[in-house]
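Notes follow the structure.
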Amino acid sequence: MQRIELEHYLADFLQLSRFKDYAPNGLQVEGRSQIKRIVTGVTACQPLIDQAIELKADAILVHHGFFWKNEPQIIVGMKQRRIKALLTHDINLLGYHLPLDAHADVGNNVQLAHQLGLLNASAITEVADGLIWRGELATPMTANEFSQLIHTQLGRQPLHLGLAPELIRTVAWCTGGAQDYLDIALSYGVDAFISGEVSERTYHCAMEQGIHYFAAGHHATELYGIQALGEHLADKFGLEHTFIDITNPV
């Protein structure tokens, strides 16, 4: 398919116009106009780009791309090497941040719900652009049991903070670096909140307000949306799709 067709389709499918984001969503580095083979990954790091070059990819689609708000505008060092590799090999880079978190079918949040078997998963649409989701456990669990479930499904032992309630029945979550949504989650009466990262203040917020917090890893909680997007494009347009996981312990 033509690159412009892919851009337009994803702009509509992911509803890019809904979001005021921290980086541009859509085409970030222009490559060849015809796209047959795509690579997806969480972050546009050098190892991902190198493997995409080996696979002769026409486009790389990522959740974390380039040109973030407040980062230096000059193209030197690591950024220069990454962009040079893309331009040298005529590979398109497309990045989708908040729109991929929020999407109801392929988004990071709904895909995390699938991984953890959370029931009645839905976005809390009235706050945070629908980025916070909530759902229920099929069977109530202790914090240790829920930690083990996260570990088993995501391959990452989460950091658990908080003491009450004894059993977890209802859960809210937002993938990535959303620890400061904890107070919003608490206001919706859930027993636990999951995100990727944790701050020093998160400990006190969870302990003093009687909610369980699970920091399950930024990378680990956002592995699944970009894969689902790539699979969707492969099915719809007959593109060759390869997901590449560049391991990240954060």
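The values are calculated or read from the model by the stated rules, or taken from the named source; none is laboratory data. The structure presented is a predicted model; accordingly, all values stated were derived computationally and were not measured. Glycine gets a Cβ as well: all are built from the backbone with ideal geometry, and neighbour counts include every protein chain shown.
The residues listed here are D50, D58; of these, the one that is surrounded by fewer than 16 Cβ atoms within 10 Å (Cβ to Cβ) and at pLDDT 95 or above is D50.
If only residues of segment 186-195 that are touching a residue at least 40 places away in the same chain (Cβ under 8 Å) and surrounded by 17 or more Cβ atoms within 10 Å (Cβ to Cβ) are counted, the one that is nearest to G225 (Cα to Cα) is I194. For the residues I38, I60, the requirement of being in contact with a His (Cβ under 6 Å, 6 or more places away or on another chain), under 19 Å from Y224 (Cα atoms) and not aromatic (F, W, Y) singles out I38. Cβ-Cβ distances below 9 Å connect the following pairs, each with a first residue in segment 44-66 that is farther than 15 Å from V29 by Cα, a second residue that is at pLDDT 95 or above and polar (S, T, N, Q), and a separation of six or more residues or different chains: Q51/T242; L55/T242.
Name the strands (runs of 3 or more DSSP E) wholly within segment 1-115 that hold at least 1 residues that are under 30 Å from G155 (Cα atoms) and of a type in the set (S, T, Y)?
Working: elements: 26-29, 37-43, 59-64, 92-95.
Of the strands (runs of 3 or more DSSP E) lying wholly inside segment 1-115, those with at least 1 residues that are under 30 Å from G155 (Cα atoms) and of a type in the set (S, T, Y) span 37-43.
Looking only at residues of segment 10-43 that are touching a residue at least 12 places away in the same chain (Cβ under 8 Å) and among the small types (G, A, S), we find that the one that is surrounded by the fewest Cβ atoms within 10 Å (Cβ to Cβ) is S33. Within segment 129-185, the set of residues being without any contact (Cβ under 8 Å) to a residue 40 or more places away in the chain and either among the small types (G, A, S) or buried (at least 20 other Cβ atoms within 10 Å of the Cβ) (or both) comprises G130, G135, L137, A138, Q179, L182. Count, please, the residues in segment 152-170 that happen to be over 20 Å from E208 (Cβ atoms) and hydrophobic (A, V, I, L, M, F, W, C). Matching residues across segment 152-170 total 2.
Condition check ((1) in contact with a strand residue (DSSP E or B) (Cβ under 8 Å, 6 or more places away or on another chain); (2) surrounded by fewer than 23 Cβ atoms within 10 Å (Cβ to Cβ); (3) in contact (Cβ under 8 Å) with a residue 24 or more places away in the chain) across all residues:
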{"position": "L223", "(1), (2), (3)": "yes, no, yes"}
{"position": "I226", "(1), (2), (3)": "yes, no, yes"}
{"position": "D235", "(1), (2), (3)": "no, yes, no"}
{"position": "H241", "(1), (2), (3)": "yes, yes, yes"}
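Yes/no per residue for (1) under 21 Å from F193 (Cα atoms); (2) surrounded by fewer than 22 Cβ atoms within 10 Å (Cβ to Cβ); (3) touching a Phe, Trp or Tyr at 6+ places or on another chain (Cβ under 9 Å):
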site	(1), (2), (3)
V76	no, yes, no
L87	no, yes, no
N92	no, no, no
Y96	no, no, no
Q111	yes, no, yes
A121	yes, yes, yes
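Close Cβ contacts (under 7 Å, 6 or more residues apart or on different chains) running from residues in segment 77-97 that are farther than 25 Å from F19 by Cβ and among the small types (G, A, S) to residues that are at pLDDT 95 or above and surrounded by 13 or more Cβ atoms within 10 Å (Cβ to Cβ) comprise A85/I49; A85/I53.
So, of the residues in segment 196-214 that are within 20 Å of the chain's Cα centre (by Cα) and surrounded by fewer than 23 Cβ atoms within 10 Å (Cβ to Cβ), which turns out to be farthest from L100 (Cα to Cα)? If we take residues in segment 196-214 being within 20 Å of the chain's Cα centre (by Cα) and surrounded by fewer than 23 Cβ atoms within 10 Å (Cβ to Cβ), then S199 is farthest from L100 (Cα to Cα). In this structure, does T247 turn out to be surrounded by fewer than 21 Cβ atoms within 10 Å (Cβ to Cβ), among the polar types (S, T, N, Q) and part of a loop (DSSP other than H, G, I, E, B)? Here the answer is yes, as T247 does meet what is asked.
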